[in-house]
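Have a look at the structure below, then the notes.
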Amino acid sequence: MISNQILQNTIDGTKNITDKDYAVLDIDGIVLATTTNRADEYVKATIDFVESEMEAEYNGPCNMYKVYDGGQLEFVLLAFDEGQDTTAGKILAFQISELLVAYKERFDKDNFIKNLILDNMLLVDIYNRAKKLHIDTDERRVVMIVRFEEDKTGDAFDKVRSIFGGKNKDFVTAVDESSVIVVKDMGENGSYEDIEKTAKVIIETFKDKQGVRVSYGTIVNELKEVSRSYKEAGMALDVGKIFFGERNIIAYSVLGIGRLIYQLPIPLCKMFITEIFGDKSPNQFDEETLSTINKFFENSLNVSETSRQLYIHRNTLVYRLDKLQKSTGLDLRVFEDAITFKIALMVVKYMDYMESQEF
């Protein structure tokens, strides 16, 4: 349904052009928008006009026009002091009628996109509804999720929509209080670099807010696959929060082994950690050891580069690695042991996160 504010903006704009006053009333005679205080005087006349069979009534001080939405009477437009030239009033009535059509189509498309991404539609319904709503089924698309740490403010949705406002093949919607969802059309040549640039624009738009993050799934080629891209973007948010907490833009494609760990049951994770470390846990390592381990991984197991960046002698680093090997049985200079240790660290991080969510 079109908002009263839209109606008010429409008649305000027309008044600025024609220097005439207008008002919009519903079929019960309630004033929805007006540029004059005279509208209340015509409530009874409006109700009588609604009950009549006339499409318009020209009576000098206030002309009346019926405005329909799909054949159903929705509003009555009052045009004051038009005289015999009723052109502006008729154009305004037609404009409001077209606005009703446009907003109804937007509402229908919004519902369609919500049901599409949430997998609430049968395949045959997807194509039938898309055809009726004039939505291409074979366009390349990707789903982006803009997540707000706190519930999004009233203008957040409009800000995101304004970024994509000029592109009628993009859809902006929401299914909860903390996110805005964008189904972005990628055209024939759109790339992941383009998505990344758009994500940066969104982050910049909300630079005054804390905790705004953007995630996106993979590009899909058919409308029916949009829900998959949405699920990927959702997983990217969750997994990214655990393993890539420093990033405010996260793609599903970079999650790597993190998305596999995210789907493991906690009992299996505990069993794995016990098998690797026994009664110990990586959480028990001192800060110096953890710093050494992380820097060693960052430098692809390169001893010389790691010692240089840690500002320690190469032999000191070797000593620390030997000490770690004795306590865990894993030599990080051996690729297989390094992989095992890296996965174990990620599993512990995942377990800690899941435990924190329970409180």
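The values are calculated or read from the model by the stated rules, or taken from the named source; none is laboratory data. Here the structure is a predicted model, which is why all the values come from computation and not from measurement. Counting neighbours? That spans all protein chains shown, and the Cβs are built from the backbone with ideal geometry, glycine included. Side chains included, ligands, DNA and RNA excluded: accessible areas come from the protein's heavy atoms. Shrake-Rupley method; radii C 1.70, N 1.55, O 1.52, S 1.80 Å.
Brief remarks on what is shown
- Dividing the summed -39500 (n - 2.57) terms of all DSSP H runs of n ≥ 4 by the residue count of the chain sets its mean residue ellipticity at 222 nm at -16500 deg cm²/dmol.
- The residues of the chain present an accessible area of 55 Å² per residue when probed at 1.4 Å with all protein chains retained.
- Mean-square fluctuations from a GNM of the chain, with a 10 angstrom spring cutoff on Cα atoms, peak among V146, V334, V254 at V334.
- Mean shadow area of segment 90-217 over all directions, Cα convex hull, nm²: 9.4
- Dividing the convex hull volume of the alpha carbon atoms of segment 1-77 by its residue count gives 94 Å³ per residue.
- Relative contact order %, segment 1-126, counting alpha carbon pairs below 8 Å whose residues are six or more apart: 23
- Segment 333-347-segment 199-223 distance, computed between alpha-carbon centres (Å): 32
- Compactness relative to 2.2 N^0.38 Å, alpha carbon Rg of the chain: 1.48
- Each Lys or Arg adds one and each Asp or Glu takes one away; over the other residues whose Cβ falls under 14 Å from the Cβ of E204, this sums to +4.
- Nonlocal amide H pairs with D170, under 5 Å, H built at 1.01 Å: D185
- Applying 0.36 nm per residue to the separation of N37 and E57 and subtracting their alpha-carbon distance, the gain on full extension is 5.2 nm.
- Contact order for segment 55-176, expressed relative to its length and based on alpha carbon pairs under 8 Å spaced 6+ residues apart, stands at 16 percent.
- The stretch between D48 and D108, if pulled fully straight at 0.36 nm per residue, gains 18.3 nm over its current Cα-Cα span.
- Over segment 217-303, the fraction of Cα-Cα pairs per 5 Å bin, rounded to whole percents and listed from the shortest bin up, is 3, 12, 14, 17, 19, 16, 9, 6, 4, 2, 0.
- Taking the C-alpha atoms only, the angle from helix 314-328 to the longest principal axis of the chain is near 90 degrees.
- Per DSSP, loop GluC sites (Glu not before Pro) in segment 72-171 with at most 13 further Cβ within 10 Å: E149, E150
- Residues of type lysines that K295 reaches as a straight line, Cα spacing below 29 Å, ignoring anything fewer than 8 places off in the same chain: K200, K241, K270, K280, K323, K326, K342, K349
- Where labels lie 7 Å past Cα in the beta-carbon direction, separation of K326 and T205 in nm: 5.8
- Taking the protein heavy atoms of segment 82-235 in the context of the full set of protein chains, the accessible area attributed to carbon and sulfur is 48 percent at 1.4 Å.
- Most mobile of D110, D48, D194 in a GNM of the chain (Cα contacts under 10 Å): D48
- Scalar couplings 3J(HN,Hα) for segment 9-18, obtained by applying the Karplus form with A = 6.51, B = -1.76, C = 1.60 to θ = phi - 60°, are 4, 5, 6, 5, x, 5, 5, 4, 7, 9 Hz; x denotes Gly and Pro.
- With 22 Å as the limit on Cα-Cα distance, the pairs of K104/K169; K15/K104; K132/K224 that go past it are K15/K104.
- Average Cα contact separation per residue, the chain, under 8 Å, 6 or more apart, as relative contact order %: 11
- For segment 26-79 and segment 249-297, distance of Cα centres in Å: 68
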